[in-house]
Every structure is written in structure tokens, then in C-alpha cells.
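**Q** Take this structure, written in C-alpha cells, and hold onto it; I'll ask about it next.
Rule-based calculations on the coordinates, nothing more; no lab input. Nothing here was measured: the structure is a model prediction, and the numbers come from that model. All Cβ positions, even for glycine, are placed from backbone atoms using ideal geometry, and neighbour counts span all protein chains on display.
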């Protein structure tokens, strides 16, 4: 790894982004994952927009594609175990929402009860880049349950033990290997007008 790549990785590691649990459902399937690529995407207070970037190989991404809805939840600072539940493996192998209290009145996407806050989004645009599926969504419902700072990435990582950290690293390595060819194909297929100046 050359020096500028090492420096870039050090900069990214210095960030302390909020961790979000993104959930979705379609027909009899439901799922969720832990995400850090979640952002406000509009300054217009009359039309709030949420942007999420999800790995295209994840179960939750399939559910968002199928349903057109997702919910993005912030967690309380003490909900590390809940964050681990949504980050430790694939929703293709188990129901990550089993045993968790969810709001039964909202069916577009599972809404976790007792979380810090949540935003329910209806997707209106999507871009695939090989490495990420980016979804822009109108915020249909928003609930804030706490004024305290939410759980952030560095605090969650500090909570994890060595075995848990190894699981997270292995998952990241696997995702990179799966997505690398798709990302390269996407970049090579970009039209010249889209590539910007050289």
C-alpha cells in the first residue's frame, strides 16, 4: 500500500460517523444492515431528502430495490449490541429483526422501537456504481426520540471485542473482493462527458 493510500485510510479512520440501521421489507421478506453512508440530501426544509449508499450484494439492498422503501434509524449510545446484530452477518441467513420490537403500524419498512430516531424514506431515484447502490428518498415520516448524541462508528468499534472486530474486517474484505470487478466495469463504461476534466 503506497503512502497516499495509507494517508487516505488514516483520514477516513479518523472520522466518527453516525451508525445507522437501515431496514426494508418486501412481501414476506424483511431485513436490515448497519450503514455509515447515510446523509441529508436536500437543504429544502419543505422537502427533506435522504441519501443512502448500500453495497449491491447485500440482502437489504435487494429489499429496497424490490419495495422502494427503507427506514434509517439512529441508535442510542448504549445500543452497541443492536448495532452488532445488524452488522455481524447476512440477512440472507437469518431474520435480523426476530425478537426485536417493531412498530406494527408502519408496513413500508420495519421501524425499530426504542431507537434514537428514524426516517422513513420512499425512493425516487437510484444510481448503481458497482461498489454502491445509491438511493435518494423523500422522507415520509420522521421521529426523534432523544436529544442525546447518537451512537457513532468509533464508539461502536471500541465496544467490539477482538473476535467481533475480526468478523467486521472479514466482511469488509469480502465485500471489497466482490465489488471490485463491478466498480471497475462501471468506471470503464462511463461516457466521456460524465468523467469530468482530465
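**Q** Among residues belonging to the stretch 31-52 that are surrounded by 19 or more Cβ atoms within 10 Å (Cβ to Cβ) and closer than 23 Å to residue 174 by Cα, point out the one that is nearest to the chain's Cα centre (by Cα). Lay out the reasoning, then the answer.
**A** Initially, the stretch 31-52 is screened for residues surrounded by 19 or more Cβ atoms within 10 Å (Cβ to Cβ), giving 31-35, 38, 50, 52.
Adding the requirement that they be closer than 23 Å to residue 174 by Cα leaves 31-35, 38, 52.
Working: 31: 12, 32: 9, 33: 6, 34: 5, 35: 3, 38: 6, 52: 6 Å.
Among them, the one singled out is 35.
**Q** Given the condition surrounded by 10 or more Cβ atoms within 10 Å (Cβ to Cβ), within 18 Å of residue 76 (Cβ to Cβ), touching a strand residue (DSSP E or B) at 6+ places or on another chain (Cβ under 9 Å) and touching a residue at least 40 places away in the same chain (Cβ under 8 Å), answer yes or no: does some residue in the stretch 7-16 qualify?
**A** Yes, there is a match, as at least one residue in the stretch 7-16 is surrounded by 10 or more Cβ atoms within 10 Å (Cβ to Cβ), within 18 Å of residue 76 (Cβ to Cβ), touching a strand residue (DSSP E or B) at 6+ places or on another chain (Cβ under 9 Å) and touching a residue at least 40 places away in the same chain (Cβ under 8 Å).
**Q** Just give me the residues in the stretch 86-102 being touching a strand residue (DSSP E or B) at 6+ places or on another chain (Cβ under 8 Å), surrounded by 12 or more Cβ atoms within 10 Å (Cβ to Cβ) and more than 15 Å from residue 63 (Cβ to Cβ), in sequence order.
**A** 87, 100, listed by residue number.
**Q** Another question, if that's okay. Could you look through the stretch 73-84, keep only residues that are under 10 Å from residue 115 (Cβ atoms) and under 16 Å from the mean Cα position of the chain (by Cα), and pick out the one that is surrounded by the most Cβ atoms within 10 Å (Cβ to Cβ)? Quick ask: steps written out before the conclusion?
**A** Here is the first cut: in the stretch 73-84, the residues under 10 Å from residue 115 (Cβ atoms) are 73-76, 79, 82.
Of the ones still in play, those that are also under 16 Å from the mean Cα position of the chain (by Cα) are 73-75, 82.
Numbers: 73: 28, 74: 22, 75: 26, 82: 21.
Going through the qualifying residues, I end up with 73.
**Q** In the list 164, 179, 154, 188, which residue meets the criterion of being in a helix (DSSP H, G or I), surrounded by 10 or more Cβ atoms within 10 Å (Cβ to Cβ) and more than 17 Å from the chain's Cα centre (by Cα)? First the steps, then the outcome.
**A** On the way: 179 fails: more than 17 Å from the chain's Cα centre (by Cα); 154 fails: more than 17 Å from the chain's Cα centre (by Cα); 188 fails: surrounded by 10 or more Cβ atoms within 10 Å (Cβ to Cβ).
164 is the lone residue from the list that is in a helix (DSSP H, G or I), surrounded by 10 or more Cβ atoms within 10 Å (Cβ to Cβ) and more than 17 Å from the chain's Cα centre (by Cα).
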